[in-house]
1. In what order do 9, 111, 3 fall by count of nearby beta-carbon atoms within 10 Å, going from fewest to most?
2. If amide H atoms are built 1.01 Å from N in the plane of the peptide, which residues on other chains or at least 5 residues away come under 5 Å of the amide H of residue 88?
3. Let me check against my output: what whole-number percent is the relative contact order of region 24-179, with C-alpha pairs under 8 Å and at least 6 apart?
4. So what are the ³J(HN,Hα) numbers for region 63-70, from phi and the Karplus equation (6.51, -1.76, 1.60; θ = phi - 60°), rounded to whole Hz, Gly and Pro as x?
5. Please work out whether region 24-179 counts as rounded, prolate or oblate from its C-alpha gyration tensor, where a ≥ b ≥ c are the square roots of the eigenvalues and a/c under 1.5 means rounded, while otherwise a/b larger than b/c means prolate and anything else oblate?
6. Can you give the FRET efficiency to the nearest 0.05 for residue 35 and residue 124, using r as the Cβ-Cβ distance and R₀ = 25 Å?
7. Count charges around residue 130 for me, please; just the other residues with Cβ under 14 Å from its Cβ, Lys/Arg as +1, Asp/Glu as -1.
8. Less than 9 Å Cβ to Cβ from residue 168, Lys/Arg counted +1 and Asp/Glu -1: what total charge do the surrounding residues give?
Amino acid sequence: MRVPGVPFVQGRNAYTDRDGLKYGIAIHATDNNATAAQEADYATRRTDGVSAHFYVDATTIIQSLDTDARAGHAGSGTGNENAIAIEITGTDGSSRQWWLDNVAWDRLAGVAAILCRAYGIAPRRATVAEMRTNPRVRAFYGHNDMRLAWGGTTHTDPGPNFPWDHLLATVSAAIDDSEEDMTPAQFLAILQDPAVARTMRALPWQYVGGGIPANYSTLKVLNDTFVNTQTLIGRNISEEVVRGVLATLTPEAIAAAIPPDLAAKVADELARRLAT
Ligand SMILES: [Zn+2]
């Protein structure tokens, strides 16, 4: 997907993703103090096979590759295949305070929140042990974490002082904010994005209460709509929006997003909820 509202400058070294899915968000530091624009420009002509999906500096974020593409960023085939790469300009040796003062956290968090929602990625940092056991863990990790888990590189970015707590807190807040602000039309646009549809189909579905299917995806609006409409209302999403979402979920949209054998069941449940 190309994230709406984010400048896009097509970079080189866009490879074919084998399964068409992404699972994690890989955080890198560029190990320099260039701007995001300079990095994105360099990405249009670099011949070393290296690429990333996004470049971030102190004021802006630029998208360089569609997230459907596989970037060359990890050093390992596992990392390249499974992760969306975000390069932040800065060095491994930067202090915590330098990071706090020199990253466009609001823009980074806004983009990451959209990616979390679209790809079912949780706003938490995976452990290296977890990454070894499950290379498709749906979480955040650094280049150094990928080195330790999957090898193929000597890179240790984003370095020991990178403020993971701040990153994950801002992403979590952005996810909550985007849910409050989401209109039914925006919700449907996300649901109908091809990358989202592929992700939804690939996630494990299970029956929860009353025969209503759910998964752990951070497509929380859809998930919670199926599981418990009241949960959504309780999270400060207005009942009007929830009902608007329910009303605009056509059988076709439902069928596009979830396994076919569950589509009829979900459509029935939504119709029942709309009627009450
Ligand atoms: Zn890196």
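Readers should treat all values here as calculations from the given coordinates under stated rules, not as data from a laboratory. Please read these numbers as outputs of a predicted model, since none were measured by experiment. Heads up, the Cβs are rebuilt from the backbone with ideal geometry, glycines too, and the neighbour counts pull from every protein chain shown.
1. 9, 3, 111
2. 28, 29, 30, 56
3. Across region 24-179, relative contact order equals 29 percent.
4. Ordered by residue, 3J(HN,Hα) equals 8, 10, 10, 4, 5, 5, 7, 9 Hz.
5. rounded
6. Computed FRET efficiency for residue 35 and residue 124: 0.25.
7. +4
8. +1
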